[in-house]
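The values are calculated or read from the model by the stated rules, or taken from the named source; none is laboratory data. As the structure is a prediction and not an experimental result, all values here were calculated from the model. We place every Cβ from the backbone using ideal geometry, glycine too, and count neighbours over all the protein chains shown. For the accessible areas, the whole protein counts, side chains as well, though only heavy atoms, and no ligand, DNA or RNA atoms are used. Shrake-Rupley method; radii C 1.70, N 1.55, O 1.52, S 1.80 Å.
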Amino acid sequence: MNRRDFLNAIGAGSVACLAPGAAFAQRSGAAYDRLLVLVELKGGNDGLNTVVPYADPAYAGLRPRLAVPRDQVLQLDPQTGFHPALEPLMAPWKNRELAVVQGVGYPDPNLSHFRSIDIWDTASGSNEYLTEGWLARAFAAAPAPAAFAADAVVVGGAEMGPLRGGVRAIALANPEQFLRQARYAAPAGQARNAALQHILRVEENIAQAAARLSGNRAFATPFPAHPFGNAVRTAAQLVAGEAGVAAIKIALGGFDTHSGQPARHAQLLKALAEGLDALKQALVELGRWDSALIMTYSEFGRRPRENLSNGTDHGTASVHLLLGGRVKGGLYGLPPALSRLDGNGNLPYAVDFRDVYATVLERWWGTDSARALRGRFAALDVIRS
């Protein structure tokens, strides 16, 4: 493979963006030795059947077919419980290492998949259109150490999401292919042409990052035999390699459950819980559980009232999870206000999603969140010092 073939190949999605910059030689003082793992639930997860308000009679009234039976719910408190497929998450819940944040959303919600995930990725208002992801802005404001192989790595796809517009982010659409192709990106000296020199510099950075991101640790932890389990395995290998990354993004798709929801949603939640449980075990094995924070997010929730296709349509506020050895476990936010649905039959939000982002930036990494979020938001008290 020659250089042109290599660059064409990586342009197809194996590598997204990795470029040098003088700013990255600076030290920001941010606690980037603390790892962030983002888990995107693509399609809009149904929060009401994930964390079930089983004691609210309105829940069964709105969902005569879809409501999780009360005797199957895994009780978190006298009003709330997990879907039974989330049983692997009961251990961190009981250990107070799992925070459940209810009612996460934003003002004037948009119910388009494309537009709403763009709002979440860029931390914009619903009437704003921004080009940079919130994590890209965070790393621009407080650079990760230059010794890190990358600021962040996206596993299993080429969509950069919250890292869009960042200059030290890598997308591993196919980790094995990336490492195989990166062997051809050897440093190639200097060039007088500025554009060519930039390409050569990118190649050199790709080669260096590939060599350091390559992981071959043999884990005692078993990983689930499904695509999300594979993504978790890759994430664990990145952490084990000690190349240095501040954040890793993985995703689980299929949550757009307009029809036939019960079996499909149970399968998705089972995969999510198994994957998160394996990730916890791997992080414990690596001695990183206390220095890792796992956070779920999704473009929106689902409508409280079931539809005629045994499913749910696009909704608004939903529930999200924070896991880690330093997480103050418990219920946060507010239970779903099923008696106060809006004119479209959707839930009001209780926690702005940017409050959750501010929690990551301020309480986890110790940075000022104002530039990344373009304003001040209220961080949640969910992180132990």
Looking at segment 335-349, which of its residues are in contact with a strand residue (DSSP E or B) (Cβ under 9 Å, 6 or more places away or on another chain) and more than 15 Å from THR312 (Cα to Cα)? PRO335, PRO336, ALA337, PRO348, TYR349
How do the strands (runs of 3 or more DSSP E) wholly within segment 288-357 filter down when requiring 1 or more residues that are open to solvent by 50 Å² or more (accessible area, probe 1.4 Å): which remain? 330-333
VAL232: passes all of (1) of a type in the set (Val, Ile, Thr); (2) open to solvent by less than 10 Å² (accessible area, probe 1.4 Å); (3) modelled with pLDDT of 90 or more; (4) under 14 Å from ILE170 (Cβ atoms) but (4)
State all residues of segment 371-385 that are small (Gly, Ala, Ser) and under 13 Å from ALA140 (Cβ atoms); if no residue qualifies, say none. ALA372
In segment 57-80, is there at least one residue being more than 20 Å from GLY333 (Cβ to Cβ), in contact (Cβ under 8 Å) with a residue 40 or more places away in the chain, of a type outside the set (Asp, Glu) and open to solvent by 60 Å² or more (accessible area, probe 1.4 Å)? yes
The listed residue being closer than 21 Å to ILE170 by Cβ and modelled with pLDDT of 95 or more, out of TYR59, TYR32, TYR54: TYR32
Residue match in segment 5-17 (condition: part of a loop (DSSP other than H, G, I, E, B), open to solvent by 10 Å² or more (accessible area, probe 1.4 Å), in contact with a strand residue (DSSP E or B) (Cβ under 8 Å, 6 or more places away or on another chain) and modelled with pLDDT of 50 or more): no
Of the residues GLU274, GLU285, which is among the charged types (D, E, K, R), more than 26 Å from PRO78 (Cα to Cα) and either open to solvent by 20 Å² or more (accessible area, probe 1.4 Å) or modelled with pLDDT of 95 or more (or both)? GLU285
Restricting segment 374-385 to residues that are assigned to a loop (DSSP other than H, G, I, E, B) and over 24 Å from SER124 (Cα atoms), the residue that is modelled with the lowest pLDDT: SER385
Just to verify a result, which residue in segment 114-125, among those that are outside any loop (DSSP other than H, G, I, E, B) and not hydrophobic (A, V, I, L, M, F, W, C), is farthest from GLY44 (Cα to Cα)? THR122
What's the total number of residues in segment 248-279 that are outside any helix (DSSP H, G or I) and touching a strand residue (DSSP E or B) at 6+ places or on another chain (Cβ under 9 Å)? 11
Picking from GLU159, GLU132, GLU128, the residue that is closer than 19 Å to PHE255 by Cα and in a loop (DSSP other than H, G, I, E, B) would be GLU159
Counting only residues that are open to solvent by 40 Å² or more (accessible area, probe 1.4 Å) and modelled with pLDDT under 95, which one in segment 213-226 is nearest to PHE148 (Cα to Cα)? SER214
Picking from LEU66, LEU111, LEU38, LEU86, the residue that is part of a strand (DSSP E or B) and at pLDDT 95 or above would be LEU38
Of PRO145, PRO78, the only residue that is modelled with pLDDT under 95 and either in a loop (DSSP other than H, G, I, E, B) or farther than 24 Å from ALA31 by Cα (or both) is PRO145
Quick one: what pairs do we get from segment 225-237, first residue farther than 10 Å from ILE250 by Cβ, second part of a helix (DSSP H, G or I), C-beta under 6 Å, 6+ apart or different chains? HIS226/ALA271; GLY229/GLY275; ALA236/ALA282
Filter pass, ARG371 being open to solvent by 40 Å² or more (accessible area, probe 1.4 Å) and outside any helix (DSSP H, G or I): no
